[in-house]
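Asker: Below is a structure I'd like to ask you about.
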Amino acid sequence: MVSLSALDYTLIILFFTITLSIGVYLSKKSGKSSSEFFLSGKTMPWWLLGVSMVATTFSTDTPNLVTDIVRTNGVSGNWVWWAFLITGLLTVFVYAKLWRKSNVNTDIEFYEFRYGGKPATFLRKFRAIYLGVIFNVITMSAVTLAAIKIGGIMLGLEPWQTVVSAGLITVAFSALGGFKGVVYTDFILFFVAMGGAIGAAYYLVNLPEVGGIEAVMTNENVVDKLSILPDFTNKDALITLFIIPLAVQWWSSWYPGAEPGGGGYIAQRMLAAKDENHAIGATFFFNIMHYALRPWPWILVALASLVVFPDLESIQAAFPNIADDKLGHDLAYSAMLTKLPSGLLGLVLASLIAAYMSTISTQLNWGSSYVVYDFYKQQINPNASEKKLVAVGRLSTVVLMVVSALLALLLQNALQLFELLLVFGAGTGLIFILRWFWWRINAWSEITAMFASGIISILLKLTPVGDILFKAEDSVFESYLEYPFVVIVTTAIWLAATYLTQPESKAVLQGFYKKIQPGGPGWTKVIEEANKDGVEIVDTNETWSVPSGISAMLIGCVLIYSCMFATGYWIYGDYSYAIVLTIVAIIAAFLLKNVWKKIRTTIL
């Protein structure tokens, strides 16, 4: 446990005061209408939305998760989430403009103009509860679990004390300020969180017992954890940590913040943008910061922690007050932070509080938007006034916070939950990519995929079936085939359901095409039938930008991965690789600029 100085308390109190003041100041304007409360009137600029996305994904559980990954699987283990860059850039250059053109209030509202009839109504209602409440609560509980561990190790707080103290302020400014309050505070939270992460990494790597970056790089506990790419001679590690994420995971899995085709709070930010170009700019800025630069301070602290706390026993010996059910490698990040000096400790604690508040406030506002627009207004009170919708939004914000806090008290490990969420969404991602560009996908495709993926995941994770197929010594398949198995079976089931059920009606398909103008060969049949019926659904002034978007996605991946690797090699002191990768990044940036001009022209 650390002892906070007057300076530390001053920094933390100042931070809380500014945050709450923003919420109170914006409460009147945010309460004017549901659009203001959830989307800030759809007038937000790209830079503010982009910073908000980055701040949201800072999260208290992210450094813990990265630390857990590095200590368990090395730096290369991060490919399990680095692979989602492909998903992110596909959203930037292909789907961002489609979402903004849809002009919906939530991404789930999409269902009732892409699909029709009772299946679409059921899908919208069910997904509102499934994502806005169940998945959202699980995600927030993981973030709160990290806060519990930080509070326990650094301040000696009981879990309930951390939950109450952190949750009350967050839910207060979230319920008062609405989306605009979230985004404005995110702007401050981003700089506080980034400054705290960088300051902590620099100080902790240079601790006397760590010895500086060169000593870390040569420490016997660290040398086999440094590689950015997995060991290509280790088949299991190569397949699990690299091949499956890059070949299958990025397009097949639904995961909060990295949904194939966009969705969730990323879609909420795009829908709040001034126009399509601002939606694209916001998501691109987010992906650069999220993948290329932000992970390295956490990775450095994780590597340094292997010098000070080489195993779980050493963590337990140093912090005997931590309960056995909360002990894990993710605790090492918090354990290292206890060594910070006065002033910097206050800044880092404020940055961790900032990360917690940013993520939770976004999840609360986003989840509440589903409850209000896609459940309450749609199913319970279609004629509700704007004042009533805001009131329900504020009430659901409080309820979501309470439920997630209670669940957090029962959880143990961040990586465990991350893997569970990945498998639970396995096989559904391809639908979210194709539904914009293939007319044949219908509501039953999504309903079937959602239930198939969930049921298969439950069977594998919570029953002996998983042991028999993948985990026992004499299992039928290798353990690394579990995720592809879920993807293949789920995909086969939803494809069968697609062809065994009726397609959407002509009116629904033609209406969708006329509004969105997705283009591409997947809509040829619909366009031909519309022409026969004398219905004009094609805007001749609209150019199909998907080929240019895919080119931009590939070049963008080269750019951001090069920046990520170059940053790592500059830190490692491997200057030959660092220089080459920096040059590659500059060339990729030049090429991307030229492709972007084509995309921008097609939008304008």
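Asker: Report yes if residue 67 is surrounded by 24 or more Cβ atoms within 10 Å (Cβ to Cβ) and either at pLDDT below 85 or among the polar types (S, T, N, Q) (or both), otherwise no. If you could, list the steps in order and put the result at the bottom.
Answerer: Numbers: surrounded by 24 or more Cβ atoms within 10 Å (Cβ to Cβ): yes; either at pLDDT below 85 or among the polar types (S, T, N, Q) (or both): yes.
Criteria met by residue 67.
Asker: Take the residues in the stretch 111-130 that are crowded, with 19+ Cβ neighbours inside 10 Å and under 20 Å from the mean Cα position of the chain (by Cα); name whichever of them is farthest from residue 365 (Cα to Cα).
Answerer: Only one residue tops the list, namely 127.
Asker: Keeping to the stretch 322-345, report how many residues are touching a helix residue (DSSP H, G or I) at 6+ places or on another chain (Cβ under 7 Å) and under 21 Å from residue 145 (Cα atoms).
Answerer: Within the stretch 322-345, the first condition is being touching a helix residue (DSSP H, G or I) at 6+ places or on another chain (Cβ under 7 Å), and the residues that meet it are 322, 326-340, 342-345.
Next, only the ones that are under 21 Å from residue 145 (Cα atoms) stay: 322, 326-338, 345.
Qualifying residue count for the region: 15.
Asker: Got at least one residue in the stretch 524-546 being assigned to a helix (DSSP H, G or I), under 29 Å from the mean Cα position of the chain (by Cα), in contact (Cβ under 8 Å) with a residue 12 or more places away in the chain and on the phi < 0 side of the Ramachandran plot?
Answerer: To start, the set of residues in the stretch 524-546 that are assigned to a helix (DSSP H, G or I) comprises 524-532, 546.
Checking the rest, the ones that are also under 29 Å from the mean Cα position of the chain (by Cα) come to 546.
Those left that are additionally in contact (Cβ under 8 Å) with a residue 12 or more places away in the chain: 546.
Okay, now just the ones that are also on the phi < 0 side of the Ramachandran plot, so 546.
Yes, there is a match, as at least one residue in the stretch 524-546 is assigned to a helix (DSSP H, G or I), under 29 Å from the mean Cα position of the chain (by Cα), in contact (Cβ under 8 Å) with a residue 12 or more places away in the chain and on the phi < 0 side of the Ramachandran plot.
Asker: Is it true that residue 240 is in contact (Cβ under 8 Å) with a residue 60 or more places away in the chain and among the hydroxyl-bearing types (Ser, Thr, Tyr)?
Answerer: Values: in contact (Cβ under 8 Å) with a residue 60 or more places away in the chain: yes; among the hydroxyl-bearing types (Ser, Thr, Tyr): yes.
Answer is yes for this residue.
Asker: A further question follows. Which of the residues belonging to the stretch 89-106 are among the basic types (Lys, Arg) and closer than 11 Å to residue 518 by Cα? Walk me through how you get there before you give the answer.
Answerer: Initial filter on the stretch 89-106 (among the basic types (Lys, Arg)): 97, 100-101.
Listed by number, the residues that qualify are 97, 101.
Asker: Still on this model: Looking at the stretch 155-172, which of its residues are crowded, with 18+ Cβ neighbours inside 10 Å, among the hydrophobic types (A, V, I, L, M, F, W, C) and free of Cβ contacts under 8 Å to residues at least 60 places away in the same chain?
Answerer: Listed by number, the list holds a single entry, 157.
Asker: Which one of 392, 372 is crowded, with 18+ Cβ neighbours inside 10 Å, modelled with pLDDT of 85 or more, farther than 30 Å from residue 158 by Cα and in contact with a Leu (Cβ under 6 Å, 6 or more places away or on another chain)? It would help to see each step written out before you state the result.
Answerer: Working: 392 fails: in contact with a Leu (Cβ under 6 Å, 6 or more places away or on another chain).
Being crowded, with 18+ Cβ neighbours inside 10 Å, modelled with pLDDT of 85 or more, farther than 30 Å from residue 158 by Cα and in contact with a Leu (Cβ under 6 Å, 6 or more places away or on another chain) holds for just one of 392, 372, which is 372.
Asker: Given the conditions (1) over 22 Å from residue 86 (Cβ atoms); (2) out of contact with any helix residue (DSSP H, G or I) (no Cβ under 7 Å at 6 or more places or on another chain), report the number of the one that residue 586 does not fulfil.
Answerer: Condition (1) is where residue 586 drops out.
Asker: From 10, 19, grab the single residue that is polar (S, T, N, Q), surrounded by 17 or more Cβ atoms within 10 Å (Cβ to Cβ), at pLDDT 70 or above and assigned to a helix (DSSP H, G or I). Before you say what the answer is, go through the steps one by one.
Answerer: Working: 10 fails: surrounded by 17 or more Cβ atoms within 10 Å (Cβ to Cβ).
That would be 19, the only listed residue that is polar (S, T, N, Q), surrounded by 17 or more Cβ atoms within 10 Å (Cβ to Cβ), at pLDDT 70 or above and assigned to a helix (DSSP H, G or I).
Asker: Which ones in the stretch 547-570 are touching a residue at least 12 places away in the same chain (Cβ under 8 Å) and farther than 28 Å from residue 300 by Cβ?
Answerer: Those that are touching a residue at least 12 places away in the same chain (Cβ under 8 Å) and farther than 28 Å from residue 300 by Cβ: 548, 549, 550, 551, 552, 553, 555.
Asker: Further question on the same structure: Here are some conditions: (1) of a type outside the set (Asp, Glu); (2) on the phi > 0 side of the Ramachandran plot; (3) touching a residue at least 12 places away in the same chain (Cβ under 8 Å). Residue 201 meets all but one. Which one does it not meet?
Answerer: Of everything listed in (1) of a type outside the set (Asp, Glu); (2) on the phi > 0 side of the Ramachandran plot; (3) touching a residue at least 12 places away in the same chain (Cβ under 8 Å), residue 201 misses just condition (2).
Asker: Still on this structure, please answer the following. Among the numbered criteria (1) assigned to a helix (DSSP H, G or I); (2) in contact with a Phe, Trp or Tyr (Cβ under 9 Å, 6 or more places away or on another chain); (3) β-branched (Val, Ile, Thr); (4) crowded, with 16+ Cβ neighbours inside 10 Å, which single criterion is violated by residue 555?
Answerer: (2) is the only condition that residue 555 fails.
Asker: Now for a separate question. Out of curiosity, is residue 102 hydroxyl-bearing (Ser, Thr, Tyr), surrounded by fewer than 24 Cβ atoms within 10 Å (Cβ to Cβ) and either modelled with pLDDT under 80 or under 16 Å from the mean Cα position of the chain (by Cα) (or both)?
Answerer: Details: hydroxyl-bearing (Ser, Thr, Tyr): yes; surrounded by fewer than 24 Cβ atoms within 10 Å (Cβ to Cβ): yes; either modelled with pLDDT under 80 or under 16 Å from the mean Cα position of the chain (by Cα) (or both): no.
Answer is no for this residue.
Asker: Got at least one residue in the stretch 133-143 being within 30 Å of residue 454 (Cβ to Cβ), without any contact (Cβ under 8 Å) to a residue 40 or more places away in the chain and surrounded by fewer than 18 Cβ atoms within 10 Å (Cβ to Cβ)?
Answerer: First, the residues of the stretch 133-143 that are within 30 Å of residue 454 (Cβ to Cβ): 133-143.
The next check asks that each one be without any contact (Cβ under 8 Å) to a residue 40 or more places away in the chain; those that pass are 134.
Checking which are surrounded by fewer than 18 Cβ atoms within 10 Å (Cβ to Cβ) leaves us with 134.
Yes, that holds for at least one residue.
Asker: Looking only at residues in the stretch 29-58 that are within 15 Å of the chain's Cα centre (by Cα) and of a type outside the set (A, V, I, L, M), which one is modelled with the highest pLDDT? Working first, answer last.
Answerer: Let us first name the residues in the stretch 29-58 that are within 15 Å of the chain's Cα centre (by Cα), namely 49-58.
From the residues that got through so far, the ones that are of a type outside the set (A, V, I, L, M) too are 50, 52, 56-58.
Details: 50: 86, 52: 82, 56: 74, 57: 75, 58: 71.
Within the stretch 29-58, the match that is modelled with the highest pLDDT is 50.
Asker: Looking at 216, 248, 222, can you tell me which residue is of a type in the set (A, V, I, L, M, F, W, C), surrounded by 13 or more Cβ atoms within 10 Å (Cβ to Cβ) and closer than 24 Å to residue 429 by Cβ? Please lay out each step first, then the result.
Answerer: Values: 216 fails: closer than 24 Å to residue 429 by Cβ; 222 fails: closer than 24 Å to residue 429 by Cβ.
So the residue among 216, 248, 222 that is of a type in the set (A, V, I, L, M, F, W, C), surrounded by 13 or more Cβ atoms within 10 Å (Cβ to Cβ) and closer than 24 Å to residue 429 by Cβ is 248.
Asker: Looking at the stretch 474-496, which of the residues that are more than 29 Å from the chain's Cα centre (by Cα) and among the hydrophobic types (A, V, I, L, M, F, W, C) is nearest to residue 441 (Cα to Cα)?
Answerer: Applying the filter and picking the extreme gives 496.
Asker: Evaluate the stretch 331-342: report whether one residue or more is farther than 30 Å from residue 73 by Cβ, part of a helix (DSSP H, G or I) and either touching a residue at least 12 places away in the same chain (Cβ under 8 Å) or of a type in the set (Gly, Ala, Ser) (or both). First the steps, then the outcome.
Answerer: To start, the set of residues in the stretch 331-342 that are farther than 30 Å from residue 73 by Cβ comprises 341-342.
If we keep only those that are part of a helix (DSSP H, G or I) as well, we get none.
Taking every residue of the stretch 331-342 in turn, none turns out to be farther than 30 Å from residue 73 by Cβ, part of a helix (DSSP H, G or I) and either touching a residue at least 12 places away in the same chain (Cβ under 8 Å) or of a type in the set (Gly, Ala, Ser) (or both).
Asker: Another question about this same structure. Restricting the first residue to the stretch 571-599 and requiring it to be more than 13 Å from residue 556 (Cβ to Cβ), which pairs with a second residue that is at pLDDT 95 or above and among the basic types (Lys, Arg) meet a Cβ separation below 9 Å and a spacing of at least six or different chains?
Answerer: none
The values are calculated or read from the model by the stated rules, or taken from the named source; none is laboratory data. If you're wondering where the values come from, they're calculated on a predicted model, not measured in any experiment. Backbone-built Cβ (ideal geometry, glycine too); neighbour counts: all protein chains shown.
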